[in-house]
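So the structure is just underneath, and the comments pick up after that.
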Amino acid sequence: MAFIGATNVDFNDGIRYINQKEYEKAFNEFKPLADQGHVPSQMNMGWMHSMGIGRAINKELAFKYYKEAADKGNKHAQHHLGNMYSYGDGTKKDRYRVLARESLNIKSD
């Protein structure tokens with residue numbers, strides 16, 4: 001799926017809101033994009049939920065968004081997802097999945 005035009009404007013608005021510490025506005029820009037499959041927005045949603053940026057910490061939602069981005073090949077999301085599996089944040093602790101993801105990362109470098 002290609003994202004152009006309004007998507008880039010909305011994403012850039014979200015980044016601007018983050019920089020201005022207007023987190024609720026940033027969330028409102030990123031969420032629809034993330035739900036449409038926009039990987040950078042999925043990463044930002046994972047980060048916001050994981051760290052409690054502009055909302056309460058929700059590790060399960062952080063895991064959901066990081067997994068969506070990781071499944072599309074985003075290495076940063078794969079790293080975060082590996083950590084979440086390793087510590088059991090937002091998902092069941094699963095060392096096998098950590099090792100499998102690390103193996104995929106090594107092969108794709």
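The values are calculated or read from the model by the stated rules, or taken from the named source; none is laboratory data. Since we're looking at a predicted model, the values are computed, not measured. We place every Cβ from the backbone using ideal geometry, glycine too, and count neighbours over all the protein chains shown.
Restricted to the stretch 29-59, and to residues that are under 8 Å from the mean Cα position of the chain (by Cα) and surrounded by 24 or more Cβ atoms within 10 Å (Cβ to Cβ), which residue is farthest from VAL9 (Cα to Cα)?
Initially, the stretch 29-59 is screened for residues under 8 Å from the mean Cα position of the chain (by Cα), giving 39-47.
Pick out the ones that are also surrounded by 24 or more Cβ atoms within 10 Å (Cβ to Cβ) and you get 41-42, 44-46.
Details: SER41: 12, GLN42: 16, ASN44: 15, MET45: 17, GLY46: 20 Å.
Taking the candidates together, the pick is GLY46.
What pairs can you find where one residue is in the stretch 57-81 and farther than 18 Å from LEU33 by Cβ, the other is surrounded by 17 or more Cβ atoms within 10 Å (Cβ to Cβ) and hydrophobic (A, V, I, L, M, F, W, C), and their Cβ atoms are less than 7 Å apart, with a gap of 6+ or different chains?
Going by the 7 Å Cβ cut-off, the qualifying pairs are PHE63/MET84; GLN78/ALA70; LEU81/ALA70.
Pairs, please: C-beta under 8 Å, at least 6 apart or cross-chain, first residue more than 17 Å from GLY73 (Cα to Cα) and in the stretch 27-40, second part of a loop (DSSP other than H, G, I, E, B) and of a type outside the set (Val, Ile, Thr)?
Taking only residues 6 or more apart or on different chains, the pairs are PHE27/GLY54; PHE27/ARG55; LEU33/PHE3.
In the stretch 65-94, what residues are more than 12 Å from the chain's Cα centre (by Cα), closer than 18 Å to MET51 by Cβ and not in a helix (DSSP H, G or I)?
GLY88, ASP89, GLY90, THR91
For the stretch 52-62, what are the residues that are assigned to a helix (DSSP H, G or I) and modelled with pLDDT under 95?
Correct list: empty.
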